[in-house]
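Notes follow once the structure below has been shown.
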Amino acid sequence: MKIGTDGVLLGAWATIPNNTFSILDIGTGTGVIALMLAQRSDADNIEAIELDDDAFEQCTDNFENSPWADRLFCFHAGFDEFVDEYTSETIEISELYDVIVSNPPFYSEDVSSGDASRDSARQNSSLPFDELLTGVSKLLAPNGVFSTIIPFKEEVHFIVLAESQKLFPIKITRVKGHKDAEVKRSLIAFSFQKETYITDELVIEKERHLYTDEYIALTKDFYLKM
């Protein structure tokens, strides 16, 4: 699968508190977000979950060939299976994740690109938002942060679902392709602490292939040419 802008945005934007020890990337695909978080942090333990066979194999190869191979590990499993296994016994707080990220599937409508793996990765039915948030609430440390990227049209609904799991927004960045475009994506960071949150906006391009200073500042560490 190709590396998409959504994944790059989330990997560069996701909140990583100081003294983060463990990170979990849900639905990692080829592993790009987990790799970006490894580059951005000193976390000792960075784990990822991927169900698709081909994506899992490519992710494993990417992890093994990266400079951070000793800190990265990918589980070949569905998220519900992972959560059930992880919570089958009493969990110590120290075993919970300080940071959780997910670029979840989000097309609830029936779409087809002709590529079954790509469609599965993008169909809401393969990881419903409520299932994602329920699992995150069980795996996130009390002072941890969960960051995600979703369609802007789903923002209000997603926040309501999150609050039902005692997860509250602490930062929201709304993303536009260019200054005259409609908001397309919402980057949202959540924690278990309810507080006044920061909202801002990010515009990606001034014109086609000419990026804004804000987008360059956010992502330049991850591109060979920017």
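The values are calculated or read from the model by the stated rules, or taken from the named source; none is laboratory data. Every value quoted in this text rests on a predicted model; they were computed, and no experiment measured them. Glycine also receives a Cβ, built like all others from the backbone with ideal geometry; neighbour counts cover every protein chain displayed.
For the range 196-206, does any single residue satisfy the condition of being of a type in the set (A, V, I, L, M, F, W, C) and within 30 Å of PRO142 (Cα to Cα)? Among the residues of the range 196-206, at least one is of a type in the set (A, V, I, L, M, F, W, C) and within 30 Å of PRO142 (Cα to Cα), which makes the answer yes.
In a strand (DSSP E or B) and either of a type in the set (Gly, Ala, Ser) or surrounded by fewer than 19 Cβ atoms within 10 Å (Cβ to Cβ) (or both): is that true of GLU201 in this structure? Yes.
Restricting ILE33, ILE46 to residues that are touching a Leu at 6+ places or on another chain (Cβ under 8 Å) and under 23 Å from PHE129 (Cβ atoms) narrows the list to ILE33. Within the range 13-26, being among the hydrophobic types (A, V, I, L, M, F, W, C) and either more than 17 Å from ALA48 (Cα to Cα) or buried (at least 24 other Cβ atoms within 10 Å of the Cβ) (or both) holds for TRP13, ALA14, ILE23, LEU24, ILE26.
Out of SER120, SER113, SER147, SER137, one residue alone is assigned to a loop (DSSP other than H, G, I, E, B), of a type outside the set (Val, Ile, Thr) and either at pLDDT below 95 or surrounded by 13 or more Cβ atoms within 10 Å (Cβ to Cβ) (or both). It is SER113. Of the numbered criteria (1) over 19 Å from THR20 (Cα atoms); (2) crowded, with 16+ Cβ neighbours inside 10 Å; (3) of a type outside the set (Phe, Trp, Tyr), the one ASP130 fails is (2). Taking the range 205-226 as the search range and keeping residues that are of a type in the set (D, E, K, R) and assigned to a helix (DSSP H, G or I), which one is nearest to LEU35 (Cα to Cα)? Per the criteria, the residue is ASP221. Pairing each residue of the range 52-78 that is under 22 Å from PHE21 (Cβ atoms) with any residue that is surrounded by 15 or more Cβ atoms within 10 Å (Cβ to Cβ) and among the polar types (S, T, N, Q), provided the two are 6+ apart or on different chains, yields C-beta distances under 7 Å for CYS59/THR28; CYS59/THR30; LEU72/SER66; CYS74/THR28; CYS74/THR60.
Looking at the range 177-193, is at least one residue among the polar types (S, T, N, Q), over 15 Å from the mean Cα position of the chain (by Cα), surrounded by fewer than 17 Cβ atoms within 10 Å (Cβ to Cβ) and part of a strand (DSSP E or B)? No, that holds for no residue.
Number of residues in the range 58-83 that are part of a helix (DSSP H, G or I), touching a helix residue (DSSP H, G or I) at 6+ places or on another chain (Cβ under 7 Å) and of a type in the set (Phe, Trp, Tyr) equals 2.
Of all residues assigned to the range 42-57, at least one qualifies as being modelled with pLDDT of 95 or more, part of a helix (DSSP H, G or I), surrounded by 13 or more Cβ atoms within 10 Å (Cβ to Cβ) and among the acidic types (Asp, Glu).
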